[in-house]
Structures are given as C-alpha cells and as structure tokens.
1. Go through segment 77-102 and count every residue that is part of a loop (DSSP other than H, G, I, E, B), of a type outside the set (D, E, K, R) and in contact (Cβ under 8 Å) with a residue 40 or more places away in the chain.
2. Collect the residues in segment 93-106 that are modelled with pLDDT of 85 or more and out of contact with any helix residue (DSSP H, G or I) (no Cβ under 7 Å at 6 or more places or on another chain), keeping them in residue-number order.
3. Out of (1) charged (D, E, K, R); (2) outside any loop (DSSP other than H, G, I, E, B); (3) at pLDDT 85 or above, the odd one out for E109 is which?
4. If we scan segment 6-25, do we find a residue that is of a type in the set (D, E), modelled with pLDDT of 65 or more, outside any loop (DSSP other than H, G, I, E, B) and more than 23 Å from L119 (Cα to Cα)?
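The values are calculated or read from the model by the stated rules, or taken from the named source; none is laboratory data. Remember, it's a predicted structure, so these values are computed and weren't measured experimentally. Backbone-built Cβ (ideal geometry, glycine too); neighbour counts: all protein chains shown.
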Amino acid sequence: IMKFFILAVLFISSIFAKTIELTAEDFMGRRVLTKDNDTKGTWVVIFTAPDCPRCAKFMADWDTATDKFDRKGLHFGHFDCAKSRFNCERFDIARNPSVLAFEGTQMVEIIGAESSDDLLEAFGTIKEGVMNNPSHQRVP
C-alpha cells in the first residue's frame, strides 16, 4: 500500500508541473493572492481530493489543457481539499474535481468541464473576457 501511495504522489506531482500548488494561506476572502499578497490576473483553480477516483482520471485532461493554453495573466492553480476542507466549503465545492475561475478580487465562474477540450474552450472564454458558455455558471 505504501508503494502505491508513493507512486500516486509522484504521479500527481508530475501532473501539476504548470499548475501552482495552492495552500489555504493563498486565499484571502474569495480571491487568490500572488506571492506579493496582491491579486493580479485571472486564476483557474482545480479543487481535488486524493481519495477521489474522478480526480485522478480528470488530471490527464487538466494537464493536457494547461500545457496547451498559454496566456499572460492567466494562472493555473491546484488546491487539495483534504488539506483544508474549510476552503472547499467556503467556495461551495460539492464534488471533486471542481474548477473555479478567480478574477481580480472575486470568484467569477464555476467551470463545468468533462474533457481537455471543454477546459480549453473555457480558458478561451476567459481569454476573451467573455464568460458566457452555457456549461459555465457566472457567480454574482
């Protein structure tokens, strides 16, 4: 079991190469802070749990999409709900994986995605500043 756990950790770590691992301290209110304690750009954050089979399956799509999409000002983050259930509850994460977009000082969108193509489409709407895809939910 320990060998499987170590392999799983190494696998998940390699997937998040372009994605920044976020901690509870990286969230202030309902926003993501940079290292300078300032909110800059747009963050797309995936919330997962280590015991979630859907998360492990979805990670390949996440990795493909984040590797293909490159835009200045768009940052990708990962948050492990097992490390801080409070943050996941605060953002109303009902199931994992969940993908949220943060812009400026607020959470602006819940992204519904089932594949890397869905993610790329969602990233494109963020890039254009138009977040009106029917599979996404705008947060007031």
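1. Total meeting the criteria: 5.
2. I93, S98, V99, L100
3. With (1) charged (D, E, K, R); (2) outside any loop (DSSP other than H, G, I, E, B); (3) at pLDDT 85 or above applied to E109, the lone miss is (3).
4. Yes: one or more hits.
So that you can scan it fast, the table gives a plain yes or no per residue for (1) surrounded by 11 or more Cβ atoms within 10 Å (Cβ to Cβ); (2) modelled with pLDDT under 85:
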site: M2; (1), (2): no, yes
site: K40; (1), (2): yes, yes
site: P53; (1), (2): no, no
site: A82; (1), (2): yes, no
